[in-house]
Amino acid sequence: MKKPTLLIVDDEPTIHIILKALLGKQYDLRFASDAQEAIDILAVESVYLLILDIQMPDLSGLELLESLMLDSAYREIPVIIFTGKVTEEREKKALMLGAATFISKDALLTDMGKENLQKHIRRHVGRTIISTPQKTDHRRKSIEIIKELVFDAGKNDFFFSARRLGANIKRHFGIDYISFWSIENERPNLLMYLGGRQPDDFGPDDIKTEHAYNVLTQEKKAYLTNNSGSGKSGIFSATAMAEGLSSEIGIPLFKITRKELTKNTMRIPEDTPVYGFVILKRQRVFTTKDFKIINKTVQYCGSLLWGLFQGLYVK
């Protein structure tokens, strides 16, 4: 009989060693050192229970827990929050967010504490119903999106093509909200959005204060966050989190044609200016693979849109 799989998410290698010795005979263990690695494992493994460290780099355990509880694919997986510093406030927040229980790492120092941890694991694993992860053909989806945009770009204007592109990205990659922005004279302008809700009081001056905006326009880098409420990245994150759209990808659009991009072996030269960016939000967490393929797809499509965007100003 196959042993139930547990996912242990902790950036301390010592904890991995201790838990492997304690639980390795009864369970099939998977280990992650940060939140994104944990998300990538969840996408390909049927996991019965998570043991989640509260303090980790990038996203904290509580931030990851919040995002998983919003994700319909993972919200039923029991989560045991594991921490070296127990506080009433943290415990209350963890339980409010949906954690099964909250345990101190100090429990591993005593036989009673170890048995207590094992008891909690047995209780929750026995009640868990796990679905098999769904395989996604990211490459096929990307090709379909690009093919349709190539067809549209030859017959339509920027706004029609961008709207069709946005609709296709939403459909193929399960995106709940997507918006296209231009940057003219260092001023961001919302061109269009599909899905979700755009906050009425969120203007160009507001977006320029966001850290994510500087990443897109100054560093010229795409970013991924699986909890935009963490404050590390995200555009109008408060509104998005209120609607359950915790995960976000931001992608810059460059002033480079498809011909130039192809000639440069699909690499964008460092000195290429940015003419805009795309923001994508959804309830489902993004895996690293999701991020890579969506980024490549949007950047390639952005080179097609660049020619159409220039046409807006040709009289």
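Each value in this text was obtained by applying a stated rule to the coordinates, not by laboratory testing. Keep in mind that what you see is a predicted model, and the values were worked out from it rather than measured. A quick note on method: Cβ atoms are made from the backbone with ideal geometry, for glycine too, and the neighbour counts reach across all protein chains shown.
If I model region 270-314 as equal point scatterers sitting on the Cα atoms and use the Debye formula, what is log10 I(q)/I(0) at q = 0.27 Å⁻¹? One equal scatterer on each Cα of region 270-314 leads to -1.07.
In order along region 298-303, the phi-based Karplus estimate (6.51 cos²θ - 1.76 cosθ + 1.60, θ = phi - 60°) of 3J(HN,Hα) comes to 5, 5, 5, 5, x, 5 Hz; Gly and Pro are listed as x. Annotation: peptides 278-290, 193-205, ranked by per-residue average of other Cβ atoms within 10 Å with the highest first, follow the order 278-290, 193-205. Label separation (Arg187 vs Lys292): 4.1 nm, computed from points 7 Å beyond Cα along the C-beta direction.
Here is the list for region 1-109: trypsin sites (Lys or Arg not before Pro) lying in DSSP coil, each with at most 15 other C-beta atoms within 10 angstrom of its C-beta, are Lys2, Lys25, Arg75, Lys85.
The spread of Cα positions in region 5-125, taken along each principal axis and listed from longest to shortest, comes to 36, 32, 27 Å.
Think of it as helices only: each DSSP H run of n ≥ 4 in the chain is worth -39500 (n - 2.57), and spread over all residues that comes to -13000 deg cm²/dmol at 222 nm. In percent, rounded to a whole number, the relative contact order of the chain is 16, using alpha-carbon pairs under 8 Å and six or more apart. Between Asp11 and Lys220, full extension at 0.36 nm per residue minus the direct alpha carbon distance yields a gain of 72.3 nm. Spatially, region 113-128 and region 147-186 are offset by 48 Å when compared through their Cα centroids.
Express the relative contact order of region 5-125 as a whole percentage, based on alpha carbon pairs under 8 Å and six or more residues apart in sequence. Dividing the mean separation by the residue count of region 5-125 yields 22 percent.
Over the chain, the ratio between the Cα radius of gyration and 2.2 N^0.38 Å evaluates to 1.13. As a rough guide to protection, the peptides 254-260, 50-56, 171-177 ranked by mean Cβ packing within 10 Å, highest first, stand as 50-56, 171-177, 254-260.
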